[in-house]
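Colleague: Quick one: the structure is below, and I'll ask about it shortly.
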Amino acid sequence: MSRNEGAWGGAISPTFLLMAGRGVGFAATFFIPVVLARTFDQETFGTYRQLFLIFSTLYFIAQFGMAESLFYFVPEAKENAGRFVSNALVFLGVSGCICGGLLHLTRGKVALWLHNPALAADLPLLGVFLVLMLASAQLEMALTARRRYFGASLSYGLSDLGRAVMFLVPAVVTRRLEALLLGGVLFAVIRLVATLRYFGREFPGSLRPDRALLRRQLAYALPFGAAVLVDIVQMNLHQYAVAWWFPATTFAVYSVGCLQIPIVDLVAGPAGNVLMVRMSERRAAADRDELLRLWTETTGHLAAFFLPLTVGLLVLSRDLIVVLFTDRYAASVPIFMIWALSMLFAALQTDAVLRVFAQTRFLLLLNSVRMVLLLGTIGWFLSTFMPRGAVLVTLLGMLTAKVLALGRIRALLRVDLRRLLPWRALGMNVLVAGAAAVPALLIRSASGVPLLPRLLLTGLTYATACLALRTLLPRWASASSGGPDERAVSDKKFPGVPLFGEAGRRAGEEGKA
């Protein structure tokens, strides 16, 4: 680690650094669909959303867990770190070429399946963008795994900002979807070149594939990749179902309702990544007291953010959608209100904990259960609730998976239900958000106030009420796990395991030394 990197890492929380980097591109990436909804007609906008639904599905599936495997292998590796990275680089490049070729060969069938002939002309260019983006997919993960938190932060920020500029400028100037894709390809080329240059400097002389290490990576990554495959398919199934059942214009309305709030990934993504790195270190020291503390502390901090955010978006939902996307997308409001509830699950970084314990096969089982649930019920939900049914059944799947994952984590950490989560902090955050919503709803109900000022005033009222209530509440209502009883695990919980408790803490200190 460089001196500058070490100074940054010691002075600023790694999670905050990664959040700051992603925050640089937050506004730009968030407003990509906002600008395009005004630039394109509804049918073209729906085609754009379908194209990037296909891209995001293949982008995460085609990694097969190899990029994410760096979080598991690189923190403990020394001279072999470059070889793990090289294995992932080659694997992702080959996987990208296969996926890009399939998109080109099946473009007609995909367009026919989604009942949108306009897709066929743009799928080959989307395939090129996919190949290039997959080849550089591991950049920020390698930086984070090497504790280059400032570098990862900078990479996240510049990538998000660059992608937004390269997408929007050609699209706004030409009002053509093809121009947006060409701008995306140019951005992906620049990102790939930067990735290769960094790896060459970071791993001089060791950036070469290793077959023996590749077998270890694949043993870890492929079950995880299979779990990701099922997870991505079932996460996107509701959108594919709507695209298949309804025309592109309806899909455009639905996709606006399922608006991805970048701040969710901005906060939850870095927190989960840092949690994995820190828990991996304590797992090696067999310090389960510290593992539990890290889990409950992270959950408490994330809940303190996502609970008020979710309630706030419910309060602001109608005005927010109309201000961002105009009255043409007012029908998206009910869908958005349901979809906003999905952000609550981001406070529970269960996948990160399960991956620390190499529970990739359980993740596969978990996602398979969700898939079976969705496939078995989505038809009824769609026929009963129309497009809103698709998002309702998706939330049901998320809830089921989180409950099962928490049960597994409880068994891995050997704790009772009382200590599994920071219950007091969760309860107080629910109270804060609910109480703060009351004055905000009163402001929102005021008649005769222009739309944008009303939105800003309602949001300001809600935020101010949240801050005031947090200030007035006792210390134990903070976002942390809340007290000594939730931050430690009695040795009695681990009979026959002498490394836990005080002995475990001593082992952890020796590991640090």
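The values are calculated or read from the model by the stated rules, or taken from the named source; none is laboratory data. Here the structure is a predicted model, which is why all the values come from computation and not from measurement. Glycine gets a Cβ as well: all are built from the backbone with ideal geometry, and neighbour counts include every protein chain shown.
Yes or no, residue by residue, for (1) aliphatic (A, V, I, L, M); (2) part of a helix (DSSP H, G or I); (3) over 23 Å from L196 (Cα atoms); (4) within 21 Å of the chain's Cα centre (by Cα):
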position: F91; (1), (2), (3), (4): no, yes, no, no
position: I98; (1), (2), (3), (4): yes, yes, no, no
position: P117; (1), (2), (3), (4): no, no, yes, no
position: L123; (1), (2), (3), (4): yes, yes, yes, no
position: L126; (1), (2), (3), (4): yes, yes, no, no
position: L130; (1), (2), (3), (4): yes, yes, no, yes
position: E140; (1), (2), (3), (4): no, yes, no, yes
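Colleague: Among the listed residues R444, R424, R388, R454, identify the single one that is in contact (Cβ under 8 Å) with a residue 40 or more places away in the chain, farther than 30 Å from L365 by Cβ and in contact with a Gly (Cβ under 9 Å, 6 or more places away or on another chain).
Modeller: Result: R424 is the single residue among R444, R424, R388, R454 that is in contact (Cβ under 8 Å) with a residue 40 or more places away in the chain, farther than 30 Å from L365 by Cβ and in contact with a Gly (Cβ under 9 Å, 6 or more places away or on another chain).
Colleague: Would you mind telling me which numbered condition in (1) acidic (D, E); (2) farther than 29 Å from A271 by Cα; (3) without any contact (Cβ under 8 Å) to a residue 24 or more places away in the chain E178 fails?
Modeller: Of (1) acidic (D, E); (2) farther than 29 Å from A271 by Cα; (3) without any contact (Cβ under 8 Å) to a residue 24 or more places away in the chain, only one is false for E178: (3).
Colleague: Restricting attention to helices (runs of 4 or more DSSP H) lying wholly within the range 243-338, give those where 3 or more residues are farther than 27 Å from R148 by Cβ.
Modeller: Those helices (runs of 4 or more DSSP H) span 248-257, 288-325.
Colleague: Look at the range 305-338 and say how many of its residues are under 28 Å from A271 (Cα atoms) and of a type in the set (S, T, N, Q).
Modeller: Number of matching residues: 2.
Colleague: Residue check: is A111 crowded, with 18+ Cβ neighbours inside 10 Å and either closer than 21 Å to M276 by Cβ or in contact with a Ser or Thr (Cβ under 7 Å, 6 or more places away or on another chain) (or both)?
Modeller: no
Colleague: Just one of the numbered conditions (1) closer than 20 Å to V356 by Cα; (2) of a type outside the set (A, V, I, L, M, F, W, C); (3) loosely packed, with under 15 Cβ neighbours inside 10 Å is not true of G427; which one?
Modeller: (1)
Colleague: crowded, with 18+ Cβ neighbours inside 10 Å and modelled with pLDDT of 85 or more: does that describe T47?
Modeller: It is true that T47 is crowded, with 18+ Cβ neighbours inside 10 Å and modelled with pLDDT of 85 or more.
Colleague: Could you please let me know if T326 is at positive phi and either at pLDDT 90 or above or polar (S, T, N, Q) (or both)?
Modeller: Yes; evaluated as a whole, the condition is true for this residue.
Colleague: I'd like the full set of residues that are over 12 Å from the mean Cα position of the chain (by Cα) and surrounded by fewer than 20 Cβ atoms within 10 Å (Cβ to Cβ), limited to the range 238-276.
Modeller: If the condition is that a residue be over 12 Å from the mean Cα position of the chain (by Cα) and surrounded by fewer than 20 Cβ atoms within 10 Å (Cβ to Cβ), then Y240, W244, W245, F246, P247, T249, T250 are the ones that fit.
Colleague: Between L259, L222, which is farther than 30 Å from S383 by Cα and in contact (Cβ under 8 Å) with a residue 60 or more places away in the chain?
Modeller: Matching residue, one of L259, L222: L222.
Colleague: In addition: Is it true that S480 is at pLDDT below 85 and surrounded by 18 or more Cβ atoms within 10 Å (Cβ to Cβ)?
Modeller: yes
Colleague: Just one of D160, D210 is touching a residue at least 12 places away in the same chain (Cβ under 8 Å), charged (D, E, K, R) and farther than 30 Å from M398 by Cα; which is it?
Modeller: D210
Colleague: Pick out the one residue from A194, A135, A221 that is in contact with a Ser or Thr (Cβ under 9 Å, 6 or more places away or on another chain), crowded, with 20+ Cβ neighbours inside 10 Å and at pLDDT 85 or above.
Modeller: A135
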